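Reading through the structure tokens given below for one structure.
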Amino acid sequence: MMKQILIVFTALLLSFQGNASQLLIPMDESQSNHLKAYGVAYYVLESEVVIDWLLNYRGGSFMMPHLTAIEEELVLRGVSYEIIADAQAVGIKEQIANPEINMEVVQLEKAPKIAVYTPGGKQPWDDAVTLVMEYAEIPYEKIYDSAIVMGVLPEYDWLHLHHEDFTGQYGKFYASFRSYAWYKQQVADLEASAAQLGFDKVSEMKLAVATNIKNFVIGGGFLFTMCSGTDSFDIGLAAHQTDICEVMFDGDPADPNAQSKLDFNNTLAFENFELVRDPLTYEYSNIDGTDLRNRRLPEAQAAKGDKFTLFEFSAKWDVVPTMLTQCHTDVVNGFMGQTTDFKKDFIKSNVLIMGESKAYGTARYIHGELGQGTWTFYGGHDPEDYQHRVGDPPTDLNLHPNSPGYRLILNNILFPAAKKKKRKT
């Protein structure tokens with residue numbers, strides 16, 4: 001099927017050599033469906049057609065050859081577009097090239113191969129990233145612990161971590177859900193997987209998985225995660241020399257000196273944090289800023305006051321964070337999760353903060369480099385469901401086609417397509 005698409009696109013490219021027009025997909029407020037626009041961009045990249053990503057131009061617009069097949073796809077998916085003459089396209093690029101204007105052109109060259117780390121049986125709406133990829137029609141493959149331990153990660157360019165618990169404490173759901181069938185099944189499945197892979201404990205398996213993922217980044221991979229996949233990942237890495245799991249999680253008590261044995265040199269983003277040792281408390285550590293919010297307020301009132309602001313970067317010098325923050329607004333509605341955001345006191349000095357919650361003094365959206373690759377952590381569970389709870393119905397993205405919070409996820413998915421464009425220092 002892909003070969004047929006490539007043949008069609010090649011023929012169309014040849015037929016349009018004399019046609020000087022371009023397709024401009026605006027990403028400002030005029031766009032009818034921002035989220036599906038990213039899906040079209042991915043579709044075009046799959047067909048080996050290069051796209052110009054116009055950073056900070058009309059909300060981070062896309063420009064590409066005016067081909068009938070692309071135009072039909074834009075119409076089919078309900079994405080707004082404009083047909084512009086070659087002279088207009090040249091004029092836009094000349095405007096962007098002006099050193100006094102905070103814009104840049106980045107070429108997207110190749111569709112990244114995407115993997116989502118997620119257990120079997122999870123539905124797309126259990127996780128914001130898989131939900132938006134389904135909505136935008138961006139293909140991905142599911143992998144889990146055994147695949148990562150067996151070494152499949154080098155086959156992929158981009159990896160997302162489903163809101164996972166890398167500490168081996170089963171999401172710290174014990175207090176509220178230990179009698180539920182789904183919780184018991186989760187524990188049984190993970191214990192069976194650990195045993196099959198030769199580990200004595202689930203925590204040991206999760207550490208091996210986290211270490212493989214870290215090595216994937218060092219080797220040039222792109223890592224993205226949200227909610228508890230952020231802090232629990234670093235906590236698991238920090239605890240590689242100790243046992244932080246109490247008896248109900250792994251059959252023996254935690255090391256009483258676990259806190260002092262944490263190795264912050266082994267983490268990506270966080271340091272000097274303190275563990276929440278109580279197994280009945282739904283929290284891993286003091287990294288998370290969820291406790292700063294007043295949960296006694298009605299949800300609508302709490303949501304109204306919870307915003308975060310995206311930082312503005314120099315598009316010509318800080319290309320990577322500029323790509324990752326492309327949006328049609330600078331202020332984004334906040335949303336909670338098991339890990340909502342990150343207290344700045346525990347963020348390493350070499351980590352770049354790209355979005356912050358000014359009301360709480362926390363970081364919401366952070367990024368870093370490790371070896372040849374990069375990682376991005378994004379706090380919260382679902383950008384259009386303020387306080388997502390276990391068992392809540394799925395978010396219908398047909399009602400949120402212009403979601404700024406979901407746009408940030410999709411920026412990360414396209415980012416590896418421009419991986420040759422390194423951040424200047």
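The values are calculated or read from the model by the stated rules, or taken from the named source; none is laboratory data. Since the structure is predicted, the reported quantities are computational estimates derived from the model, not experimental observations. Note that each Cβ is placed from the backbone with ideal geometry, even for glycine, and that neighbours are counted across all protein chains shown. Each accessible area value is taken on the protein alone, full model and side chains, heavy atoms only, with ligands, DNA and RNA left out. Shrake-Rupley method; radii C 1.70, N 1.55, O 1.52, S 1.80 Å.
Among residues of the stretch 320-335 that are touching a residue at least 60 places away in the same chain (Cβ under 8 Å), those with a beta-carbon under 7 Å from a residue that is assigned to a loop (DSSP other than H, G, I, E, B) and polar (S, T, N, Q) at least six positions away or on a different chain give the pairs 322/56. With the structure loaded, tell me whether residue 290 is under 30 Å from residue 178 (Cα atoms), surrounded by 15 or more Cβ atoms within 10 Å (Cβ to Cβ) and under 18 Å from the mean Cα position of the chain (by Cα) or whether it fails that test. No: the conditions fail for residue 290.
For the stretch 373-409, a residue qualifies if it is small (Gly, Ala, Ser) and part of a loop (DSSP other than H, G, I, E, B), and the qualifying residues are 379, 380, 391, 403. Just to be sure, is residue 373 surrounded by fewer than 17 Cβ atoms within 10 Å (Cβ to Cβ) and in contact with a Leu (Cβ under 9 Å, 6 or more places away or on another chain)? No: the conditions fail for residue 373.
Residues of the stretch 228-277 being open to solvent by less than 10 Å² (accessible area, probe 1.4 Å), among the aliphatic types (A, V, I, L, M) and farther than 16 Å from residue 206 by Cβ, which ones? 269, the sole residue that qualifies. Candidates are the residues of the stretch 140-173 that are under 25 Å from residue 38 (Cβ atoms) and free of Cβ contacts under 8 Å to residues at least 60 places away in the same chain; the one that is surrounded by the most Cβ atoms within 10 Å (Cβ to Cβ) is 140. Residue count for the stretch 380-398 under the criterion of being surrounded by 12 or more Cβ atoms within 10 Å (Cβ to Cβ) and closer than 24 Å to residue 137 by Cα: the result is 11.
Is at least one residue of the stretch 318-328 of a type in the set (Asp, Glu), modelled with pLDDT of 95 or more, outside any loop (DSSP other than H, G, I, E, B) and open to solvent by 10 Å² or more (accessible area, probe 1.4 Å)? For the stretch 318-328, residues of a type in the set (Asp, Glu), modelled with pLDDT of 95 or more, outside any loop (DSSP other than H, G, I, E, B) and open to solvent by 10 Å² or more (accessible area, probe 1.4 Å): absent.
Among the residues of the stretch 222-239, are any within 27 Å of residue 155 (Cβ to Cβ) and among the β-branched types (Val, Ile, Thr)?
Scanning the stretch 222-239 turns up at least one residue that is within 27 Å of residue 155 (Cβ to Cβ) and among the β-branched types (Val, Ile, Thr).
Among residues that are on the phi > 0 side of the Ramachandran plot and either out of contact with any Asp or Glu (no Cβ under 8 Å at 6 or more places or on another chain) or touching a residue at least 12 places away in the same chain (Cβ under 8 Å) (or both), residue 305 is not included.
If you go through the stretch 62-87 and keep only what is touching a strand residue (DSSP E or B) at 6+ places or on another chain (Cβ under 9 Å) and farther than 22 Å from residue 34 by Cβ, you end up with 85, 86.
If only one of 216, 199, 166, 224 is modelled with pLDDT of 95 or more and in a helix (DSSP H, G or I), which one is it?
Details: 199 fails: in a helix (DSSP H, G or I); 166 fails: in a helix (DSSP H, G or I); 224 fails: in a helix (DSSP H, G or I).
That would be 216, the only listed residue that is modelled with pLDDT of 95 or more and in a helix (DSSP H, G or I).
Could you pull out the residue among 105, 49, 132 that is open to solvent by less than 40 Å² (accessible area, probe 1.4 Å) and assigned to a strand (DSSP E or B)? Can you show your working first?
Values: 49 fails: assigned to a strand (DSSP E or B); 132 fails: assigned to a strand (DSSP E or B).
On inspection, the qualifying residue turns out to be 105.
Residue-level check: of (1) assigned to a loop (DSSP other than H, G, I, E, B); (2) aliphatic (A, V, I, L, M); (3) open to solvent by less than 30 Å² (accessible area, probe 1.4 Å), residue 280 misses just (3).
Report the residue count in the stretch 108-129 for those that are assigned to a loop (DSSP other than H, G, I, E, B) and open to solvent by 40 Å² or more (accessible area, probe 1.4 Å).
So the count comes out to 7.
Every test in (1) closer than 21 Å to residue 114 by Cα; (2) among the small types (Gly, Ala, Ser); (3) crowded, with 22+ Cβ neighbours inside 10 Å; (4) in contact with a helix residue (DSSP H, G or I) (Cβ under 6 Å, 6 or more places away or on another chain) is passed by residue 315 save one, and that test is (1).
A search for C-beta distances below 8 Å between a residue of the stretch 82-93 that is open to solvent by 80 Å² or more (accessible area, probe 1.4 Å) and any residue that is small (Gly, Ala, Ser), counting only pairs 6+ apart in sequence or on different chains, returns 83/21. Being in contact (Cβ under 8 Å) with a residue 40 or more places away in the chain and within 30 Å of residue 412 (Cα to Cα) narrows it down to one residue among 213, 244; which is it? None of the others qualify; the one that does is 213.
Restricting the search to the stretch 359-379, which residues are touching a Ser or Thr at 6+ places or on another chain (Cβ under 6 Å) and farther than 28 Å from residue 137 by Cβ? Selection gives nothing.
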